[in-house]
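Below is one structure, written out as structure tokens; comments come after it.
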């Protein structure tokens, strides 16, 4: 018979929950032997904000404990701790007062562990310190590297085999490169290349900023043919401008840059632009040496595809690449950007095939500029796997006499595009927010008028529509038309204060689901009951908040939600920590939603591991803080 049955029960309980599952059996038994079991009725205050730390930290065995900061109307809910949650650790880690008040909100049984027994293991047990450093038990901010380590920690078993897909995110190292001034004679430049055994030479100014590149091909085609003298300065025959990237980019992205632009050299600078200082060069040979040609292979397959059926098969290969990347823990935003680029190529190739088919059928497309706009999550480059279609079509203003006939021709094209996308797995939008709907197949003047109406009359429907349409991104056709529309919107926004306030109020309608693990705030209706709608309850509040702030600052270049938050962090240093947290939280939420989509199953709270729940709950916190910022900044309380 067990000499200490209560301690044995506590030790077995600890084995099921992080971080105690990282301890060995002897350590768990030692901790359980000194644990205090505390019954706490509703209303018990375990510690108060600003109190000095005690000698114990807590774990919930049964019941629920509320962590909050502030008092009265200024009180802020930080967390709701339920079975298996650990709290009260942070003050002991950093020797600071408690940042929150802990109050029992449901009759509870708690385990109180002495910090003196536990603390020495932080240095000896792998993953133990990381658990608390990531803020899972203390409500500290979410940051990128901590979350990535946490996700890796969650994965048990041997490391995955390094396939092509898993290598796509590996950074390609750049090599030092010879350089010269623009006035250097060609003969001397060729000598420098020979001595360096290089097939290229960068031409730089005094600040070491790249101006152009001289290659073996330039010498062969421009000097050996007599077009230029060997005494001519390299500035006369160098290729310019150079295409620049930042160091550390992944293999797949670099492959696409080279393939799309038909380049053999990528110039690496400190900031990824020609205004940065030269750091080196990446050549096509470097990419071949790095292997992992999946992105390049898909690019080539798309370029050579001659039928919709072939594009459907390529999309499935892309789906497999995405699923593999998610399982291997690749950065979700990077994976979304890579997927968007390949998906855009698929859409452009589909457009080319359909335009040829329409021409063969005697129904050619109008000979005027147009642009196919991707909307919603696809417009934000956050659509990793096929979902609903959201798109629109914008065409140049025709002669008013031919407006409807032009529209009819574009609608025929749009319907064919819709069918092709459906074959790839993108289901038709139930709300018909597609270019095949005459409402969203408009001339430039019509689109300008439409956005002006939305901005001038911010009724609930207008606000709802613009949350989708403001995230437009050109994919096929003349992107200059999209930029003209964006410029029109930017000119209208300074006069659209009421609209921005309405958009901010809409972004605050959905409260953060901080307590959903305790209260199971699950969807009451629909086929996925009782599953949690991660998109509607957590991702949309963050995306909506980012959009309002993005529009307020007029930042057309930022597409993804994390990019918008990062842009905001640079513009508003006083809120930079919150915006960084929000960006990282969105990345985590996007990963979980994509994993659920890849598995074909909605997110089920009951099936999540403890560490998954802690990761998600940490990601919900910035929603509340962002909504407070919006409420104050846009005075949403005045709107009815």
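The values are calculated or read from the model by the stated rules, or taken from the named source; none is laboratory data. Note that this is a predicted model, so its numbers are computed, not measured. Neighbour counts are summed over all protein chains in view; Cβ atoms, including those assigned to glycine, are modelled from backbone coordinates with ideal geometry.
Looking across segment 416-445, the residues that are surrounded by fewer than 16 Cβ atoms within 10 Å (Cβ to Cβ) and either free of Cβ contacts under 8 Å to residues at least 24 places away in the same chain or on the phi > 0 side of the Ramachandran plot (or both) come down to 419, 425, 431, 432, 439. Given (1) touching a helix residue (DSSP H, G or I) at 6+ places or on another chain (Cβ under 8 Å); (2) in contact (Cβ under 8 Å) with a residue 40 or more places away in the chain; (3) in a helix (DSSP H, G or I); (4) buried (at least 21 other Cβ atoms within 10 Å of the Cβ), where does residue 603 come up short, assuming only one miss? Looking at each condition in turn, residue 603 falls short on (3).
Looking only at segment 391-414, decide whether some residue is within 30 Å of residue 250 (Cβ to Cβ) and modelled with pLDDT of 95 or more. Yes, the conditions are met somewhere in segment 391-414. Criterion applied to 68, 64 was being surrounded by 14 or more Cβ atoms within 10 Å (Cβ to Cβ) and out of contact with any helix residue (DSSP H, G or I) (no Cβ under 7 Å at 6 or more places or on another chain), and the one residue passing it is 68.
From the list 5, 53, the one residue that fits, being touching a residue at least 40 places away in the same chain (Cβ under 8 Å) and more than 17 Å from residue 108 (Cβ to Cβ), is 53.
Of the residues screened, residue 94 is one that is assigned by TED's automatic domain parsing to the domain that holds residue 50, over 27 Å from residue 9 (Cα atoms), at pLDDT below 90 and within 33 Å of the chain's Cα centre (by Cα). Against the conditions (1) at pLDDT below 90; (2) in contact with a strand residue (DSSP E or B) (Cβ under 8 Å, 6 or more places away or on another chain), where does residue 42 fall short? Just the number, please. Among (1) at pLDDT below 90; (2) in contact with a strand residue (DSSP E or B) (Cβ under 8 Å, 6 or more places away or on another chain), the lone unmet condition for residue 42 is (1).
Quick check on my filter: what residues within segment 200-234 are touching a residue at least 40 places away in the same chain (Cβ under 8 Å) and either over 44 Å from the mean Cα position of the chain (by Cα) or in a loop (DSSP other than H, G, I, E, B) (or both)?
Residues satisfying the conditions are 207, 208, 209, 228, 229, 230, 231, 232, 233.
Is it true that some residue in segment 408-417 is more than 18 Å from residue 357 (Cα to Cα) and either touching a helix residue (DSSP H, G or I) at 6+ places or on another chain (Cβ under 9 Å) or not assigned by TED's automatic domain parsing to the domain that holds residue 312 (or both)? Checked against the condition, which is being more than 18 Å from residue 357 (Cα to Cα) and either touching a helix residue (DSSP H, G or I) at 6+ places or on another chain (Cβ under 9 Å) or not assigned by TED's automatic domain parsing to the domain that holds residue 312 (or both), segment 408-417 yields no hits at all.
Of all residues in segment 466-476, none are more than 30 Å from residue 106 (Cα to Cα), at pLDDT 85 or above and not assigned by TED's automatic domain parsing to the domain that holds residue 397. Can you find a residue in segment 203-223 that is surrounded by fewer than 12 Cβ atoms within 10 Å (Cβ to Cβ) and at pLDDT below 90? Checking segment 203-223: at least one residue is surrounded by fewer than 12 Cβ atoms within 10 Å (Cβ to Cβ) and at pLDDT below 90. Within segment 98-119, being in contact with a helix residue (DSSP H, G or I) (Cβ under 6 Å, 6 or more places away or on another chain), surrounded by fewer than 20 Cβ atoms within 10 Å (Cβ to Cβ) and outside any helix (DSSP H, G or I) holds for one residue alone: 114. Being at pLDDT 75 or above and either more than 23 Å from the chain's Cα centre (by Cα) or assigned by TED's automatic domain parsing to the domain that holds residue 537 (or both) is a description that does not apply to residue 608.
Within segment 376-390, the set of residues being farther than 17 Å from residue 547 by Cβ and either in contact (Cβ under 8 Å) with a residue 60 or more places away in the chain or within 19 Å of the chain's Cα centre (by Cα) (or both) comprises 384, 385, 386, 387, 388.
Can you find even one residue in segment 463-478 that is more than 25 Å from the chain's Cα centre (by Cα) and part of a helix (DSSP H, G or I)? No, segment 463-478 contains no residue that is more than 25 Å from the chain's Cα centre (by Cα) and part of a helix (DSSP H, G or I). Is it true that residue 76 is surrounded by fewer than 21 Cβ atoms within 10 Å (Cβ to Cβ) and over 16 Å from residue 621 (Cβ atoms)? No, not satisfied.
When 538, 582, 596 are checked against the criterion of being within 19 Å of the chain's Cα centre (by Cα), under 22 Å from residue 473 (Cβ atoms) and not in a loop (DSSP other than H, G, I, E, B), 582 stands alone in meeting it. Of the residues 538, 569, which single one is surrounded by fewer than 23 Cβ atoms within 10 Å (Cβ to Cβ) and modelled with pLDDT of 75 or more? Answer to the check: 569. With respect to the conditions (1) over 26 Å from the mean Cα position of the chain (by Cα); (2) assigned to a helix (DSSP H, G or I); (3) under 30 Å from residue 319 (Cβ atoms), residue 436 lacks only one, and its number is (2). Scanning segment 543-562 for residues that are assigned to a helix (DSSP H, G or I) and farther than 21 Å from residue 512 by Cα turns up 551, 552, 553.
Here residue 453 clears all of (1) surrounded by 16 or more Cβ atoms within 10 Å (Cβ to Cβ); (2) at pLDDT 90 or above except the condition numbered (1).
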